[in-house]
1. Taking H placed 1.01 Å from N in the peptide plane, check which residues at least 5 places from A:G255 or on another chain put their amide H under 5 Å from its amide H.
2. Restricting attention to region A:3-83, which trypsin sites (Lys or Arg not before Pro) occupy a DSSP loop and are surrounded by at most 15 other Cβ atoms within 10 Å?
3. Around B:L4, which amide H atoms from residues at least 5 apart in sequence, or from another chain, sit under 5 Å from its own amide H, with H modelled in the peptide plane?
4. For A:M290, B:M150, A:M317, B:M217, what's the fewest-to-most ordering of other Cβ within 10 Å of each Cβ?
5. Okay, helix-only estimate at 222 nm for chain B: each DSSP H run of n ≥ 4 adds -39500 (n - 2.57), divide by all residues, round to 500 deg cm²/dmol; what do you get?
6. Considering only C-alpha atoms, what is the centroid distance from region A:267-284 to region A:310-324, in Å?
7. Calculate the length of the line joining the C-alpha centroid of region B:185-199 to that of region A:22-84, in whole Å.
8. Give me the percent of DSSP beta bridges within the protein assembly as shown that run antiparallel, rounded to the nearest 5.
Amino acid sequence: MGSFYEQIEAYASFDFAGFLGRVTPRQVDLVLKKDFLSPLDFLTLLSPAALERLEAMAQKAHRLTRQHFGRVIQLYTPIYLANYCVNHCLYCNFNHRSDINRRQLTEAEIEREAEAIAATGLRQILLLTGEKPGKDALDYLIRSVEIVRKHFTAIGIEVNPMDVDEYRRLAAAGVDSLTIYQEVYDRSVYDRLHPAGPKKDYRWRLDAPERGCQAGFRAVNIGALLGLNHWPSEAFFTGLHASYLQNKYLGTEIGIAVPRIKAGPGNYQPEAPVTDRDLVQILLAFRLFMPRAGITLSTREPAELRNHLLPLGITRMSAGSNTAVGGHIDDEADEGQFHVSDERSVDEVRQMLIAKGYQPVHQDWHSLA
Amino acid sequence: MDRLVIGGRELKNRLFIGSGKFADERVIRDIVAQTGVEVVTVALRRVSLSGDGENILHCIPKECVLLPNTSGARTAEEAIRIARLARAAGCGNWVKIEVISDNKYLLPDNNETIKATGVLAEEGFVVLPYMHPDLYAAKELERAGAAAVMPLGAPIGTNRGLKTKEIVRILIEECSVPVIVDAGIGKPSEAAEAMEMGAAACLVNTAIATAGDPLVMARAFSQAVAAGRLAYLAQPGERTEYARASSPLTGFLGS
């Protein structure tokens, strides 16, 4: 059967710093001339030398994105269903030890939250929860999907990793996409940042996107939480992971996200900060490596930066996000998973897209479930 | 009289257009008004069937044939369900079958397409299947009741031109239903090339929607398609490998 883990292993003794340091702008030019990029071509685009060719990369990325996706951007928003969590991720506000108000939306609250979001015109939704062990948590998630189904045409989930049968139950209930970030591909950093809880299991998480493909989700989105570790190798493994999944599961739409972490609970600061310029380079390298992959940009980034990143390869944006449980129906709910930097309303994002020559797309699929 | 009739409808303009990549779908109305395009394909996946919000169907003039497509379908079964949804929603009985389970190159699955075509033709749909150019598959589609076949010129969205020319030529030669070149055409000259060969029509989306000026590009395509058709009807003179002198050197020998 195989696993992406074997590909990570194959790079165990690879000298990333050495390779990146030796790349010349001339080599970047050669990569820019290619239609199909090898993994090392992709890594070449993540080198310091590639910074000298950033504009050329941007032009090509823009052209490829327009060609394959047209002048359209998909819009979606998250619904945070619950923030109970047994994990101890050092960078996350829902960390088991965080002293925050814990809450799980009731069925009536989910209904109201869905109605409030649907009223903004959005039809694509992403459901999130913290990790809570046991069968009840899955039943609760399935019940939530059944409630929101009436209001939305596409439902994604971003929850703890599950097995294939659990994913199949969710797909049967109407979930069409799975989002699961590895957070950090470097094994030792992963171990350090996840000191306790089921999330400690690196392999179980790493293989979750593949189990999602096997379960038949239409789309699977992956990513690394940028800032947790030196970014070139993290971006490289994210791209490699996406490419591995796309080659193995041709029928699944594989997408990438570029979430950048700013700060976390207890004065957690990213150990390896990613600058705006780094983010642009990562985004462009992804686009050139996988011209047809969707790329998601969340409201973690501020409005002005999002406007600038838009033409560089983005195909999907969140809008009107609130990362607190009950955030759309309850003014008191203010303890979100992370700080939303782009606070524009759905309508403001929509107007911005139109002004920039993009069609905001609210619906891209009819659930046949 | 040169007529293209599909599903009982006579079409004067042989350019069909797509609708999925425009910054503003309202440009479709201008294209139809200025070019006389009569067939517009729309991905049903993007159409709000509840009738709320913006709806692309409002941008398709009434005089046009609405050609809902099953984009997003990965199996025959999904394509069939999408087609039925479209008809139930009042989108008419034409349908373009797209079954794609390859998200890397977006190549159509001929086997699943043939299955879906059979079921939907039986149910009274005017079925236009998007296909990978292959003679056996085209003949199967004909037998299954397809109203036309739509072979790709190059992988969808690539603007690479008529890369499948030799096989499309054979399909034109061998098929009794119209052959409409769909996907891959990047320039008006390539559409003209397909039409000169005898294609019944061309469907163009990316090359128009992502052009600097989509409206002007649509006009260019419409004219190229018409010119290519005229050239086909005019039966171009034979192309030879050597100059044909008007005063032959061997003329003195007499005949």
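1. A:V220, A:N221, A:I222
2. Here the sparse-neighbourhood loop sites are A:K33, A:K34.
3. Correct list: B:L11.
4. The order, fewest Cβ neighbours first, is B:M217, A:M290, A:M317, B:M150.
5. It lands at -10500 deg cm²/dmol.
6. Using only Cα atoms, the two centres lie 17 Å from each other.
7. 33 Å
8. 10 percent
Since every read-out is calculated from the coordinates, none of them should be taken as a lab result. Everything quoted here is computed from the prediction, not taken from an experiment. Here the Cβ is made from the backbone with ideal geometry for all residues, glycine too, and neighbour counts use every protein chain on show.
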